[in-house]
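S.K.: Structure below; questions to follow.
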Amino acid sequence: METKMNKAQWRRKSRRAFLAAGAAGVLGVLGASWALTRRDEWGIPWPLRSAQRANETLWRNIYGNGRLGATPPAPEPGTEARVNGDIGLDYEGSHASWRLTVNAQPEREAGNRRDSVFTLDRIHKMPQTETTELFKCIEGWSMPLSYRGVRFSDFLAATGLGTRDGQPWSPSRPLADLYRYVGLVTPDGAYYVSLDMESMLHPKTILATAMNGAPLSDEHGAPLRLIVPVKYGIKSLKRIGRIFFSDTQPPDYWAEQGYDWYAAL
């Protein structure tokens, strides 16, 4: 008698579980259909972009430039690095004719804007830093790479760019003295990224001119590229042609294709 009752109870529970799972599945499909038919925001429906922004808020709350992370062993000088991505690398000029233009104020202040132009020689004369980082691609692969160049924080300190008053940046100044975002664009304008200023000030964020003991090759963004180890590689723009600052989030190539803008590791 007890066995029959247990079987009956098991059948009732199974039916309830089946109905609950079915209802959850229907709600899931309806929810997904609703989300996917909402208006687009930077390439994806706004509910999905809102989820990415919630993730960004979480990471921002725990982020700190004092967390340097482990440094992997440096690869042997001359080690060939994997080549990935060639968007924005169409450039007919020579390295000698290359120039970096930096817009000191946002586009909306163009009437009073001061633009600065840098040659590669001028970049080389700034304080140089070398570091080895585990470069991580959003496609799932990673490899240690050594880079040499100018820390972005040193670049701001040497030039006074990026600050609202035009005075050189120093760690003792409040972050609010700087514009909130940095935009970088290739010379041909085909590839562009934007990053939060705090990540750009990370001690290992570098405007790089050399990799694995040799000058950058064209495939890796010669003569100057960005390395920002706290982000996936899609943010480390090759062949920088222009840098600008803004208090509103500038355009970003892969975010417009639906990728997470913050791209934190």
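S.K.: Could you give the nm distance between label points at Glu198 and Met143, where each point is 7 Å from its Cα heading toward the beta carbon?
M.R.: 3.3
S.K.: Along the Cα→Cβ direction, 7 angstrom out, place labels at Val83 and Ala158. What is the inter-label distance in nm?
M.R.: Placing both labels 7 Å beyond Cα along the Cβ direction yields 2.9 nm.
S.K.: Please work out the FRET efficiency for the pair Thr119 and Gln167, using the Cβ-Cβ distance as r and a Förster radius of 30 Å; give the result to the nearest 0.05.
M.R.: Numbers: r = 24 Å, r/R0 = 0.79.
The value I calculate is 0.80.
S.K.: Tell me, rounded to the nearest percent, the portion of alpha carbon pairs in region 190-265 spaced more than 20 Å apart.
M.R.: Numbers: 838 of 2850 pairs.
The calculated P(r) of region 190-265 puts 29 percent of pairs beyond 20 Å.
S.K.: Between Gln105 and residues 5 or more places away or on another chain, which pairs have amide H atoms under 5 Å apart, with H built 1.01 Å from N, and which residues are they?
M.R.: HN-HN under 5 Å from Gln105: Arg114.
S.K.: Could you list Asp121, Asp115 in order of exposure, starting from the residue whose Cβ has the fewest other Cβ atoms within 10 Å? Write down the numbers at each step before the final one.
M.R.: On the way: Asp121 8, Asp115 12.
Result, fewest neighbours first: Asp121, Asp115.
S.K.: Based only on other Cβ atoms within 10 Å, what is the fewest-to-most ordering of Leu134, Leu161?
M.R.: Working: Leu134 14, Leu161 24.
Ascending number of Cβ neighbours within 10 Å: Leu134, Leu161.
S.K.: Return, ordered by residue number, the residues of region 226-258 whose backbone nitrogen is under 18 Å from a label point located 7 Å along Cα→Cβ of Asp188.
M.R.: Of the residues in region 226-258, 226, 237-242, 253-254 have backbone N under 18 Å from the label point off Asp188.
S.K.: Then there's this: Tell me, what ³J(HN,Hα) does each residue in region 133-139 have, in order and in whole Hz, if you take phi through Karplus 6.51 cos²θ - 1.76 cosθ + 1.60 with θ = phi - 60° and put x for Gly and Pro?
M.R.: Using θ = phi - 60°, the values come out as 9, 8, 6, 10, 8, 5, 6 Hz.
S.K.: Still on this structure: Which of the peptides 209-216, 222-229, 85-92 is most tightly packed, and how do the rest follow, judged by the mean count of other Cβ atoms within 10 Å per residue?
M.R.: On the way: 209-216: 18.0, 222-229: 23.1, 85-92: 14.9.
Those peptides, ordered most packed to least, come out 222-229, 209-216, 85-92.
S.K.: What list of ³J(HN,Hα) values in whole Hz, one per residue of region 204-217 in order, does the Karplus curve 6.51 cos²θ - 1.76 cosθ + 1.60 (θ = phi - 60°) give from phi, with Gly and Pro shown as x?
M.R.: With coefficients 6.51, -1.76 and 1.60, one gets 9, 7, 10, 8, 8, 10, 9, 9, 6, x, 9, x, 4, 7 Hz.
S.K.: So, R0 is 22 Å and r is the distance between the beta-carbons of Ser94 and Ala214; what FRET efficiency does that work out to, to 0.05?
M.R.: On the way: r = 18 Å, r/R0 = 0.82.
After rounding to 0.05, the efficiency reads 0.75.
S.K.: Provide Ser217, Ser153 in ascending order of the number of other Cβ atoms located within 10 Å of each residue's Cβ, fewest first.
M.R.: Values: Ser217 12, Ser153 20.
Fewest-to-most Cβ neighbours within 10 Å comes out as Ser217, Ser153.
Bear in mind these aren't lab numbers, they're just calculated from the coordinates by the rules spelled out. Every value quoted in this text rests on a predicted model; they were computed, and no experiment measured them. Reconstructed Cβ throughout: ideal geometry from the backbone, glycine too, with neighbour counts over all protein chains shown.
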